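Asks: Mind looking over this structure? Questions follow.
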Amino acid sequence: MSSRLVLGIETSCDETGAAVMDETGVILGESLHSQKEVHLKTGGIIPTIAQQLHRENIGRVVQEAMERSSIFPSQLSAVATTVKPGLALSLGIGLEFSLSFVKKHQKPFIPIHHMEAHALTVRMLQPVLFPFLVLLVSGGHSLLALARGIDDFLLLGQTLDEAPGDSMDKVARRLSLIKHPRCSTLSGGQAIELLAQDGDRLKFPFRPPMGAHYDCNFSFAGLRNQVTMTIQKKEREEGVEPGTLLSCVNDIAASMQHTVASHIAKRTHRAVLFCKDRGLLPSVNPTLVVSGGVASNQYIRKTLKIVTDATGLHLLCPPSKFCTDNGVMIAWNGVERLREGKGILPYTESINYDPKAPL
Ligand code: KG4
Ligand code: ZN
């Protein structure tokens, strides 16, 4: 086997992922253990539980990825692992495992920035040249950046409070959507998208966030608060217990999704204009890449398409499985770094994780 091989390991939040990839981006083997079902039941991620589940699963997940790719550790060229940003207790498990793995097998170690990995995954699927605009929206992230190189990002905006997926998850919990027959296995955002299909998006005209802030930052906590107050009001009017509202849940879902989508679209539009005005995007095939769990929302995608059509950008949304956390995106970032010889550490070097690292 002549191509260099990278093992990628991801444990920054609630997915334990591993993948082996060759230098051309071909996935030889992968494995993913999701904790989402557990966290759905506990009503959110409890870091100590996430840590425990990573600890229980990481050995098996890495072994599965290696076995599925039919290679031995000695054949690897490097191990790439998420070290920032994320939950400290979760990052710690992946890093501890990886450092002992590279020491044992005497392999170089490539520390990976989780957001950079999200932003670059699209390049594994098709040749997207730098610079391009990237929007990351998930349960833990919300940012707009200009990707100028594999380790060169211009941060244009980020959330000032919480991420859109987090807001939708909290509203879904407040509405007890997990007890809803059509939503019991869905994440909060998925449940809201499903119910919104049968709702009136203009029924509750929530105030758009940050109307007077002319930048590319996001805010979703105020919107969540407006939605929660509407739910409380409706519960009082109908004389029902908290979390048992039935009558207008679809309209609430549709109105919230609409406000989230238009907020994301407005900030993205501003970021596009900012980059175009300054000649930061190429004149040929300027591209907006959208990734993260919330990017699988079809209504949000359609709203973004309006922005890209109006500004002459090409909209790229990688398939859902590459938008969410996994070992593949980490392995790919490792491959890109290996190719460019950037950020590769000897196995003797020790390194710490960094929960709050900016892009
Ligand atoms: O990327 P991801 O799997 O994990 C991280 O947050 O890093 O994203 C999960 C988040 C959750 O908040 C979930 O509710 C949201 O993405 N999500 C969605 C949809 N699918 C997942 N939000 C809106 N619409 C969807 N279809
Ligand atoms: Zn992520």
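Asks: Picking from Ala117, Ala172, which residue would you name as being within 16 Å of ligand 2 (Cβ to nearest atom) and either under 21 Å from the mean Cα position of the chain (by Cα) or modelled with pLDDT under 95 (or both)?
Replies: Step by step, each of Ala117, Ala172 is checked, and only Ala117 is within 16 Å of ligand 2 (Cβ to nearest atom) and either under 21 Å from the mean Cα position of the chain (by Cα) or modelled with pLDDT under 95 (or both).
Asks: Can you name the number of the only condition in (1) at pLDDT below 95; (2) more than 22 Å from Gln298 (Cβ to Cβ) that Ser187 fails?
Replies: Unmet condition: (2).
Asks: Considering (1) surrounded by fewer than 20 Cβ atoms within 10 Å (Cβ to Cβ); (2) over 30 Å from Phe132 (Cβ atoms), say which one Ser262 fails and leave the rest.
Replies: The one condition Ser262 does not meet is (2).
Asks: Same structure, new question: Out of the residues in region 309-333 that are within 16 Å of Leu136 (Cβ to Cβ) and β-branched (Val, Ile, Thr), which is farthest from the chain's Cα centre (by Cα)?
Replies: In this case the residue turns out to be Ile330.
Asks: Can I ask one more? Has region 239-247 got at least one residue that is crowded, with 18+ Cβ neighbours inside 10 Å, within 25 Å of Ser176 (Cα to Cα) and modelled with pLDDT of 95 or more?
Replies: Checked against the condition, which is being crowded, with 18+ Cβ neighbours inside 10 Å, within 25 Å of Ser176 (Cα to Cα) and modelled with pLDDT of 95 or more, region 239-247 yields no hits at all.
Asks: Counting only residues that are touching a Gly at 6+ places or on another chain (Cβ under 9 Å), give me the helices (runs of 4 or more DSSP H) lying completely in region 236-343 with at least 2 of them.
Replies: Here the list reads 249-277, 320-323, 327-340.
Asks: For region 311-322, state whether one or more residues are surrounded by fewer than 20 Cβ atoms within 10 Å (Cβ to Cβ), more than 15 Å from ligand 2 (Cβ to nearest atom), outside the structural domain of Gly139 (by TED's automatic domain parsing) and among the hydroxyl-bearing types (Ser, Thr, Tyr).
Replies: No - not one qualifying residue is present in region 311-322.
Asks: Looking at Ala163, Ala191, which is the one that is assigned by TED's automatic domain parsing to the domain that holds Met229, touching a Cys at 6+ places or on another chain (Cβ under 8 Å), in contact (Cβ under 8 Å) with a residue 12 or more places away in the chain and buried (at least 21 other Cβ atoms within 10 Å of the Cβ)?
Replies: The conditions single out Ala191.
Results for (1) under 23 Å from Gln35 (Cα atoms); (2) assigned by TED's automatic domain parsing to the domain that holds Val62, shown as yes or no for each residue.
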{"site": "Ser100", "(1), (2)": "no, yes"}
{"site": "Gln106", "(1), (2)": "no, yes"}
{"site": "Phe109", "(1), (2)": "no, yes"}
{"site": "His114", "(1), (2)": "yes, yes"}
{"site": "Ala117", "(1), (2)": "yes, yes"}
{"site": "Val134", "(1), (2)": "no, no"}
{"site": "His141", "(1), (2)": "yes, no"}
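Asks: Can you find even one residue in region 148-165 that is within 12 Å of ligand 1 (Cβ to nearest atom) and among the small types (Gly, Ala, Ser)?
Replies: yes
Asks: Here's a follow-up. Being touching a Gly at 6+ places or on another chain (Cβ under 8 Å) and assigned to a helix (DSSP H, G or I) is the filter; apply it to region 1-57 and report the residue that is farthest from ligand 1 (Cβ to nearest atom).
Replies: Checked region 1-57; the qualifying residue farthest from ligand 1 (Cβ to nearest atom) is Gln51.
Asks: Within region 17-48, track down each residue that is within 16 Å of ligand 2 (Cβ to nearest atom) and without any contact (Cβ under 8 Å) to a residue 60 or more places away in the chain.
Replies: Of everything in region 17-48, those that are within 16 Å of ligand 2 (Cβ to nearest atom) and without any contact (Cβ under 8 Å) to a residue 60 or more places away in the chain turn out to be His33, Ser34, Gln35, His39, Ile45, Pro47.
Asks: Okay, moving on. From the list Thr48, Thr24, which one is farther than 18 Å from Val328 by Cα and loosely packed, with under 15 Cβ neighbours inside 10 Å?
Replies: Exactly one residue qualifies, and that residue is Thr48.
This table checks each residue for (1) at pLDDT 95 or above; (2) over 19 Å from the mean Cα position of the chain (by Cα); (3) not assigned by TED's automatic domain parsing to the domain that holds Leu136.
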| position | (1), (2), (3) |
| --- | --- |
| Asp277 | yes, yes, no |
| Gly292 | no, no, no |
| Tyr299 | yes, no, no |
| Val335 | yes, yes, yes |
| Pro346 | yes, yes, yes |
| Ser350 | no, yes, yes |
| Tyr353 | yes, no, yes |
| Ala357 | no, no, yes |
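The values are calculated or read from the model by the stated rules, or taken from the named source; none is laboratory data. Because the structure is predicted, anything quoted here is derived from the model rather than measured. In this analysis, Cβ positions are derived from the backbone assuming ideal geometry, glycine residues included, and neighbour counts consider all displayed protein chains.
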